[in-house]
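In what follows, a single structure is set out as structure tokens and then discussed.
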Amino acid sequence: MKKILWILIFLLPAVSCREVLEPKPVDLEIDEVALNAPADVANVQIGLYNAFRGMAAPVVVAGDFTADLVLHRGTFTLFRELVTKQIRPSNGAVSALWGSIYNVAYSANFILDRLPGIAGVPAQQRREVTATARFLRGYAYFIGAHTYGGIPLVTTPNVAANRTIGRSTKEQVLAFVLEDYLAALADLPERPAGPGFAGKNAVRAALARYFLYQREWASAEQYASQVIGSGQYRLDPAFEDVVLRDFPAESIFEMGYTLADDPGTATFGLNNLFVGRREVIPSNQAILALLSAQSGERIRTIGFNPGQQGGTDNGWSVRKYGTGDEDNNNIYIFRLAEMYLIRAEARANLGRVAGANSATEDINVLRARAKAGLVSGVGTPAAMLTLIEQERLYELAYEGHRWYDLVRTGRAQPVLSAFSPNWSSTYEVWPIPLSETQRNPSLRNAQNPGY
Amino acid sequence: MHKLLSLVVTLIVLAGFTGSAYSQSRTVTGKVTQSEDNSPLPGVNVLVRGSATGALADVEGNYTISAEPDAVLVFSFIGFAPYEVRVGNQTTINVQLTALVTELNQVVVTGYNTQQARDVIGSITTVSADRVKDIPVVGIDQALQGQAAGVQVTQSSGTPGGGISVRVRGSTSISASNRPLFVVDGVPVEDGQLALREFGGQNDNALAMLNPKDIESYVILKDANAKAIYGSRGANGVVLVTTKRGKSGRTSISANVERGLTEIIRKPDLLNSRELLELQREAVINAGDDPIRQGLIPGVTDAVDTDWVDAILRRGVYQQYQVSASGGTDRTRFYLSGNFRDEEGVQLNNRFLRFSGTLNLDHNATPRLAFGTNITISRLRNDRVKGDNFLDGVYSGAIKSLPYYAPYDEQGKLIGPDAPGYAGFPNFNPVAQALLPRFQTFATKILGNLYASYNITPSLKFRAQLGTDFNDVIEDQFESSATAIGGYLPSVGGRGYGIYSTGVYAIFINTNTLTFSRTIGDKHNLIGVAGTEIIPRIDRTSSVQGRLFPSDDFTYITSAGIVDAGSSFLLRSGLASVFGDFNYSYSDRYLVRLTARTDGSSRFGENRRFGFFPSASAGWRISSEPFMERFSGFLDDLKLRVSYGFSGNQGIPEFQFLGTFSAATYNGSSGTGPSRLGNALLQWESTREANIGLDASFWNGRLSFTADVYDNYTSKLLFAEPIPLTTGFGSVQGNIGNIANQGVELSVKTVNLDRTVKWTTDFNISRNVNTVVVLATDDPLFRGYDATGVGSTNVVVPSQPLGTFWGLRFLGVDAATGDAIYQDLNGDGVIGPDDAQVIGNAQPDFIGGITNKVSWRGFELSGFFQFSYGNEMLNLSKTGLLNAGEDLNTNQMREALQRWRRPGDITHVPRYVSGDTYNNQQSSRFLEDGSYLRLKNLTLGYNLPADLLTRYKVSSIRVYASGTNLWTLTRYSGPDPEVSTLDGSTTAQGIDFFTLPQVRTVILGLTVGF
């Protein structure tokens, strides 16, 4: 038997069992240690911004592709459905934006849930990170409410509960957004680390837009004025810099990409969609508008290449989103020009069409910069609002505003039914993604009407 | 850990059978030789029957043993018929052993041991390499095609060295691997794709790195009896591959040359410029627009008419050379070979080159101690082209591209993005896409092991093996500024685009076994194996990407203006196991086998790390019963087998049980972001398998058959369960359901004629019924491609099989409007996603193969047919090629000419309306019968008569001609019913999405033996 025992020792493998069965994960952190020390706080905040940035391109797609600014000439059904107004719940853009909203919500909720339990974080950092989480979460829900209507309001990182969560009303979601915004406004720094990060003015800009959409004109004007008056931003003298540069002087809050994390040919890579593949090209309506004298230099937003003209292709391309090496791959969330437009619209609605502190004054700031003819003699608020609708097109084309603007002003039906015979008022909100109504029992019978 | 301990105890018990008692009387000596050439046979076991007394023949074949006069000595050696002799008054007994030849007496590898085929009571199929020797198969997986009942081997495309799907007894898993475990000489080998970069569905294939011409045999383990010993990796079946080894005696040298041509089996039938223009103009008019305004002008638009498919295809040249030598002395045996294979694909610039060499060496140091090595080194260069669902693919681009553009300008220069007449997105220039990019994969494989075995006593052997499967892969890629990525799309290339990536995928394996075999009395036979195995694995990958090259003369990243992405990564994993295998037979009639394995895997959390996989089986050789004696005139062998047991599947990525954060960047800063939800309860997939089989052989092997019935039930399915996005995640890895596979298999071999003309037939047929029994939720899980209108092309739903297609039910074309009529399932008057339903599935009712071989004098003719019946194919290419006008960027197939044009037209092709997606929604319109019968191979060979050869000191010359994929019978309208775009997918198999069809290869070969 001695011999056998001796052999048994040999039978034991040459490597330790534990070493083989419990390899250390490489370049991964498990949940439990991702946020449990003060040093982790900065890291998860970057992670939150990363998630938030994932929302930026889908918002541009929602705001511009669902409206009348582009023609489809590519191959992706998801974009064709948006442009030709045949949107279905199975649409991939519909689920991409939805998913990115809840990615932001999870990251923010994770921080808001864990951060209070971590000792040793400096008080100011604690307040700022909390405020950042609430601001970015608020903006995500703002987009969600205006894209889909009342959506599920996820406020904790509790995965089990969030699997079966039902819809809140649009009013509930927007009330929550306001709560987040106001909390963030208190604690964010006046001057953030840079325009890629959110400070108080980003929140004020968000509040200005929030109240514009809510038709609370005085508040909209007030917050827009605060941003304009802060003196932190100025309009770049050449409009082209807004189109072709990252972080121009008027940038309030902008999603930053570097060469290393440029989206490239990803489905929602805007350069690829607008310039590379030319999956979509400017619509004839958009080209004519931007070519007009009132638009002025803002025609630089798009460009023409005769070599590309032919067949169904008008030869024009959107220039706003460059490649990683062109210092032009960022996506604006808020820039100063929008604040002038918000204030102008608020003032027009308040009856201040011309004169001091009027809509005309604000519009002319932008007209002057665009070297376009100045506005004068607009008599009525209604006429001014029509003008502002066009002005927003010239200024903000391909930054994801158009569809949201037309829907909130009640102009979607006339404008978009002229653009596409397939348009119906159903498309004033996107559908809840098919995957969500399939996977979440509480959403099963909660699809938006018409889908 | 205590499960591991419990098996160590089992092992000790097994080892305990060795308690031996030596008795002594007279000394007998002698020499054991082979009857064939009288050479000595070392290592022969000499046993006194009914006792533990035994001895081993030494290197000269000499033995010495003590035995009483009435004792019977039993001489046994693997591969030779046992020989018994009564001692009587002899003191010198010389014995000649005869090598076994009949199939039933062949020795088969059964995991960690070997057994005579007739004693096997599991469901296994042995495929001798001889059966594929004249077929130009590229890798060891392809060699199994059509050869074994219950084994479905399909080639995903006609790309040389491309993906091959092997399924043993259906699919057991939704998302974990469904590939069988391939074990070459005891070392599990890398399968699946090697290259890091996706090429649009068409993957490369690690198993193509092994040269089938160095293989002696394949053993496919199919039931629990056979494969439970492979535990957590056994659920999908196991293929044991044995390489050729030397035999003592004369050194024989063999040289083989094969040369041939390949071409595509069938081209898609597409429209020419004039036909397409007419169709597109009609589509635009139907949409209420003016074709002239859209630039569709007769005489202008269709001035060029290019057949793009012809432009990118060619006839490829195939060549293959092999030299091998084998031989040895009574103590040392070797097999040495070198091989070169060069196969041009039918797509321009597509080529597969492989150099490989094998050395197998066995040495008997003493009668007790033997050691040896197997080393295979293989080097591969694969010039790849993009395919399938890539817009800038070669074949896929060519089918889709409008015929209005030309590949070359008037000066014969390739038309690039800067030139007028470049189609641009989404068509590009498929000829340039083939010729200009450099997509080279260089792979080196070192597959090797060292072993030593020691006979502690005649009945107890210890064996230790150390091995590795080491794969080193380099991908060297450059797309010039005249290509789609490198030039046309500034978001990636701008001015040239290069990627260089490397990967090392290696396992190391240490297997130690103790084998015990003993005969008690003359009726009880015991064989036991106990062992341990440990398999650490590493994956090291890195890549770097560069853009903006000075010009197309600079193609390496050292010259890139911007190096904008780079990565390196390491992944470790491992498996540690203890196993035992116990065989008992009584009187050669009643056979029992018990096996058990405990596996620990790094892929599961602390509480779920170990899995236990036992099996029990029994066999009854009915033909050896006394009452069967009266049938012995025609019945050689009749055996009933029953087995029951468990095997597992751990084929998922690492660390899925952990909830994790990974690196995230923003605006030049780096941090961490959530990447995955954890599941601490994640565990093995477990398959319970039951099998009943019958083996019968009649009239000295003139007719033999094997039949099996099985019932397999896989539970705790590993699945990335899709969860609502409101959680912040799309899925969580779980164990969420059960799948059943039930089936029958029959293989029949007949010797129809056995005179001057010899004619044999091998036939196998099998039916597998796959059903998803339970899922964690009642909700269907969607898989496959995104599909217009209904979400996805495929669905996983209880009571349906895997590979179920999802979509609207197409009822025909409305003769009045020309629009598609879909079934309004919920009766709400609107066609929407709620009307989507199960429309078919890719699972065949029957699969099989039939091989006929006729030989006459030196001639040999063999034909091999493969068939699949009852499977459906989703011809997803038609969403592009018969798209009812959805877009005007794609050429259309000839079937489009049957479209509805005016009220009253009765047709199955809807009207064409530019930009309209309604008629192009995912529906049963794209589903077709994928059944086929294919003449997979036809070979004619001739062996020159021996008397002619001796004069030239040549021992054999064989010339042969062989053709593959020569003829296909199918109703499928696409070019090839055998392809599958999502190579290796189970939930979305049987989809044809611009997939390159198989190729027809015709070769001439010559083998000379010295």
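The values are calculated or read from the model by the stated rules, or taken from the named source; none is laboratory data. All of these numbers come straight from a predicted model, not from anything done at the bench. No Cβ is skipped: glycine too gets one built from the backbone with ideal geometry, and neighbour counts run over all protein chains shown.
Just a few scattered comments:
- All positions within the range A:274-308 that are farther than 20 Å from A:Gly400 by Cβ and at the interface with chain B (Cβ under 9 Å from one of its Cβ atoms): A:Gly307, A:Gln308
- Of everything listed in (1) of a type in the set (D, E, K, R); (2) touching a Pro at 6+ places or on another chain (Cβ under 8 Å); (3) under 20 Å from A:Arg134 (Cα atoms); (4) facing chain B (nearest Cβ under 7 Å), the single unmet condition for A:Asp113 is (4).
- A:Tyr139 in contact (Cβ under 8 Å) with a residue 60 or more places away in the chain and farther than 17 Å from A:Glu179 by Cβ: no
- Within the range B:769-784, considering residues that are surrounded by 22 or more Cβ atoms within 10 Å (Cβ to Cβ) and more than 10 Å from every other protein chain (Cβ to nearest Cβ), the one farthest from A:Pro433 (Cα to Cα): B:Asn770
For every residue, the table says whether it meets (1) closer than 30 Å to B:Val492 by Cβ; (2) surrounded by 19 or more Cβ atoms within 10 Å (Cβ to Cβ); (3) not β-branched (Val, Ile, Thr).
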residue: A:Leu185; (1), (2), (3): no, yes, yes
residue: A:Glu190; (1), (2), (3): no, no, yes
residue: A:Ala193; (1), (2), (3): no, no, yes
residue: A:Trp217; (1), (2), (3): no, yes, yes
residue: A:Glu221; (1), (2), (3): no, yes, yes
residue: A:Met255; (1), (2), (3): yes, yes, yes
residue: A:Asp261; (1), (2), (3): yes, yes, yes
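- Verdict on B:Pro367 being within 14 Å of chain A (Cβ to nearest Cβ) and over 25 Å from B:Phe199 (Cα atoms): no
- Put simply, of B:Glu258, B:Glu216, B:Glu275, B:Glu198 the only residue that is of a type outside the set (S, T, N, Q), farther than 30 Å from B:Arg333 by Cα and in contact (Cβ under 8 Å) with a residue 60 or more places away in the chain is B:Glu275.
Table: residues versus (1) within 30 Å of A:Pro441 (Cα to Cα); (2) assigned to a helix (DSSP H, G or I).
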{"position": "A:Thr156", "(1), (2)": "yes, no"}
{"position": "A:Ala160", "(1), (2)": "yes, yes"}
{"position": "A:Arg167", "(1), (2)": "yes, no"}
{"position": "A:Val173", "(1), (2)": "yes, yes"}
{"position": "A:Phe176", "(1), (2)": "yes, yes"}
{"position": "A:Tyr181", "(1), (2)": "no, yes"}
{"position": "A:Ala186", "(1), (2)": "no, yes"}
{"position": "A:Arg191", "(1), (2)": "no, no"}
{"position": "A:Leu212", "(1), (2)": "no, yes"}
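- Which numbered condition A:Asp405 fails, given (1) without any contact (Cβ under 8 Å) to a residue 12 or more places away in the chain; (2) in a helix (DSSP H, G or I); (3) away from chain B (no Cβ under 14 Å); (4) not β-branched (Val, Ile, Thr): (1)
- Residue count, the range A:325-377 (criterion: assigned to a loop (DSSP other than H, G, I, E, B) and within 18 Å of the chain's Cα centre (by Cα)): 3
- The condition of being away from chain A (no Cβ under 14 Å) and either more than 30 Å from the chain's Cα centre (by Cα) or outside any loop (DSSP other than H, G, I, E, B) (or both) holds for only one of B:Asn700, B:Asn679, that being B:Asn700.
- Selection of the range A:435-451 for residues being surrounded by 14 or more Cβ atoms within 10 Å (Cβ to Cβ) and more than 10 Å from every other protein chain (Cβ to nearest Cβ) yields A:Ala446, A:Asn448.
- Looking across the range A:47-79, the residues that are within 11 Å of another protein chain (Cβ to nearest Cβ) and closer than 20 Å to A:Asp313 by Cβ come down to A:Leu71, A:His72, A:Arg73, A:Gly74, A:Thr75, A:Phe76, A:Thr77.
- Residue within the range B:705-720 that is of a type outside the set (Val, Ile, Thr), within 14 Å of chain A (Cβ to nearest Cβ), in contact with a strand residue (DSSP E or B) (Cβ under 8 Å, 6 or more places away or on another chain) and surrounded by fewer than 23 Cβ atoms within 10 Å (Cβ to Cβ) present: yes
- Exactly one residue out of B:Val504, B:Val529, B:Val544 is touching a residue at least 60 places away in the same chain (Cβ under 8 Å) and either of a type outside the set (Ser, Thr, Tyr) or part of a strand (DSSP E or B) (or both), and it is B:Val529.
- Near pairs, Cβ below 8 angstrom, 6+ apart or cross-chain, from the range B:599-616 (at the interface with chain A (Cβ under 9 Å from one of its Cβ atoms)) to any residue that is of a type in the set (Lys, Arg) and part of a strand (DSSP E or B): B:Ser602/B:Arg572
- B:Leu207 vs. criteria hydrophobic (A, V, I, L, M, F, W, C) and closer than 28 Å to B:Arg540 by Cβ: yes
- Selected residue (criterion: farthest from the chain's Cα centre (by Cα)) from residues of the range B:551-567 that are aliphatic (A, V, I, L, M) and facing chain A (nearest Cβ under 10 Å): B:Ile562
So that you can scan it fast, the table gives a plain yes or no per residue for (1) surrounded by fewer than 23 Cβ atoms within 10 Å (Cβ to Cβ); (2) of a type in the set (Lys, Arg); (3) farther than 27 Å from A:Pro152 by Cβ:
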| residue | (1), (2), (3) |
| --- | --- |
| B:Gly743 | yes, no, yes |
| B:Asp786 | yes, no, no |
| B:Thr793 | no, no, yes |
| B:Gln823 | yes, no, yes |
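- Residue in the range B:79-91 that is modelled with pLDDT under 85 and under 17 Å from B:Pro367 (Cα atoms) present: no
- Options A:Ile388, A:Ile432; residue that is among the aliphatic types (A, V, I, L, M), assigned to a helix (DSSP H, G or I) and either within 14 Å of chain B (Cβ to nearest Cβ) or buried (at least 19 other Cβ atoms within 10 Å of the Cβ) (or both): A:Ile388
- The range A:238-273, residues that are within 9 Å of chain B (Cβ to nearest Cβ), assigned to a helix (DSSP H, G or I) and among the hydrophobic types (A, V, I, L, M, F, W, C): A:Leu270, A:Leu273
- Taking the range A:13-33 as the range and being within 7 Å of another protein chain (Cβ to nearest Cβ) and either touching a residue at least 12 places away in the same chain (Cβ under 8 Å) or out of contact with any Ser or Thr (no Cβ under 8 Å at 6 or more places or on another chain) (or both) as the test, the residues that pass are A:Ala14, A:Val15, A:Cys17, A:Val26.
- Lone unmet requirement of (1) of a type outside the set (Lys, Arg); (2) crowded, with 23+ Cβ neighbours inside 10 Å; (3) modelled with pLDDT of 90 or more; (4) under 26 Å from the mean Cα position of the chain (by Cα) for B:Ser617: (4)
- All of B:Val790, B:Val796 fail the test of being within 14 Å of another protein chain (Cβ to nearest Cβ), of a type in the set (A, V, I, L, M, F, W, C) and touching a helix residue (DSSP H, G or I) at 6+ places or on another chain (Cβ under 7 Å), apart from B:Val790.
- Scanning the range B:519-550 for residues that are at the interface with chain A (Cβ under 10 Å from one of its Cβ atoms), under 31 Å from the mean Cα position of the chain (by Cα) and buried (at least 23 other Cβ atoms within 10 Å of the Cβ) yields B:Ala530, B:Gly531, B:Thr532, B:Glu533, B:Ile534, B:Ile535.
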